[in-house]
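The values are calculated or read from the model by the stated rules, or taken from the named source; none is laboratory data. Note that the structure is a prediction, hence the values are computed from the model and not measured. Neighbour counts are summed over all protein chains in view; Cβ atoms, including those assigned to glycine, are modelled from backbone coordinates with ideal geometry. With ligands, DNA and RNA removed, areas are computed over all heavy atoms of the protein, side chains included. Shrake-Rupley method; radii C 1.70, N 1.55, O 1.52, S 1.80 Å.
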Amino acid sequence: IKKNQKIIFHKNSSINVTNNSTLFIEGEIIFDNDKDNLTQVTSDDGTGALIFFENEFDLENIVFKNLSKPNLDNFILYGGINFINSVVNLDNIYIKNSNNEDGINLINSESKILNIYLENIKADAIDIDFGKLNFNNIQCKNINNDCLDISGADVNGTNIISINTLDKGISVGENSNVNIKNLNTINNNIGLAVKDGSKATFSKINFDKNKFDIIIFNKKQEYLKPSLVIDNLNVVTKEKILQSKDTHLKINNNEYLGNFNDKTINALIY
């Protein structure tokens, strides 16, 4: 869909992207739908992908299902749905059964997400690389990597639930600035990880049945040490905290000192 084009999909229409194709959208795309008539965007053979490129996109009431990463030589991307250098507004979005890599990638974009539900994702559910994100209500279930992976971005949000996540509920890295309220991680490998020069503030957290609740360290030594402040954490279980030396960790107004080396933490979790 070219820059000067406008495409309207009416109610009860659907999109099926197959045969290693990528729907590349530079122009305006409108879905005529509502909460009782969700638009279906699928890939029946599990090979299709979408790229939204350098525009403003307002999407709501859509189910994205069975997508894979793009197969394009000049775009090295890892999400079934990719937004690049764009202004993005999403509401009432369902992403299910990703076949390759991430559910959705937001790259160097200004994004607002309301009510997004992700299930059965092969890698990260939501991957943020640079740019800004504001959100309310992210729900992840059965994620093979991270529910929310943040790199070099500014993120503010409320209400995120991560259930059965094989890596991290939230991963904050590469000088990100994050402020999130109401985090609930259940049966994750790691509830929350903050690393590599990032500064993060969380309030109202519930950790339940995670292998580790909190990890704060440096994965990449070229960055300064990270900082994490948590208010209103339900239960502090010191045995489920991995903190490297010289990092800043404050929980419920109590300062914590790390005694692990970064190499030791990296060896434990990677």
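Listed values, structure above:
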{"read-out": "Among residues of segment 153-169, those that are assigned to a strand (DSSP E or B) and either under 12 Å from residue 189 (Cβ atoms) or small (Gly, Ala, Ser) (or both), counted", "value": "6"}
{"read-out": "Hey, residue 183 within 20 Å of residue 236 (Cβ to Cβ) and without any contact (Cβ under 8 Å) to a residue 24 or more places away in the chain or not", "value": "yes"}
{"read-out": "Only listed residue being modelled with pLDDT under 95 and either among the hydroxyl-bearing types (Ser, Thr, Tyr) or within 14 Å of the chain's Cα centre (by Cα) (or both), chosen from 86, 98", "value": "98"}
{"read-out": "Single residue of segment 101-128 satisfying the filter (out of contact with any Leu (no Cβ under 8 Å at 6 or more places or on another chain) and open to solvent by 40 Å² or more (accessible area, probe 1.4 Å)) that is modelled with the lowest pLDDT", "value": "101"}
{"read-out": "Hey, residue 62 closer than 19 Å to residue 137 by Cβ, open to solvent by less than 10 Å² (accessible area, probe 1.4 Å), within 14 Å of the chain's Cα centre (by Cα) and not acidic (Asp, Glu) or not", "value": "no"}
{"read-out": "Candidates 229, 235 - the one that is open to solvent by 80 Å² or more (accessible area, probe 1.4 Å) and β-branched (Val, Ile, Thr)", "value": "235"}
{"read-out": "Contacts under 6 angstrom Cβ, first residue in segment 225-251 being within 14 Å of residue 194 (Cα to Cα) and in contact (Cβ under 8 Å) with a residue 12 or more places away in the chain, partner among the charged types (D, E, K, R) and surrounded by 17 or more Cβ atoms within 10 Å (Cβ to Cβ), 6 or more apart", "value": "226/195; 227/199; 244/262; 246/225; 247/225"}
{"read-out": "Single condition residue 25 does not satisfy, out of (1) within 19 Å of residue 94 (Cα to Cα); (2) of a type in the set (Val, Ile, Thr); (3) open to solvent by less than 50 Å² (accessible area, probe 1.4 Å)", "value": "(1)"}
{"read-out": "Odd one out for residue 124, checked against (1) part of a strand (DSSP E or B); (2) under 20 Å from residue 62 (Cα atoms)", "value": "(1)"}
{"read-out": "Residue within segment 28-35 that is of a type in the set (D, E, K, R), within 17 Å of residue 2 (Cβ to Cβ), at pLDDT 95 or above and open to solvent by 60 Å² or more (accessible area, probe 1.4 Å) present", "value": "yes"}
{"read-out": "Those residues of segment 238-270 which are surrounded by fewer than 18 Cβ atoms within 10 Å (Cβ to Cβ), of a type in the set (D, E, K, R) and under 26 Å from the mean Cα position of the chain (by Cα), in sequence order", "value": "240, 250, 263"}
{"read-out": "Matching residues in segment 129-160 - criterion: being of a type in the set (Phe, Trp, Tyr) and either open to solvent by 60 Å² or more (accessible area, probe 1.4 Å) or within 16 Å of residue 69 (Cβ to Cβ) (or both)", "value": "130"}
{"read-out": "Enumeration of residues in segment 69-81 that are open to solvent by 10 Å² or more (accessible area, probe 1.4 Å) and within 17 Å of the chain's Cα centre (by Cα)", "value": "69, 77, 78"}
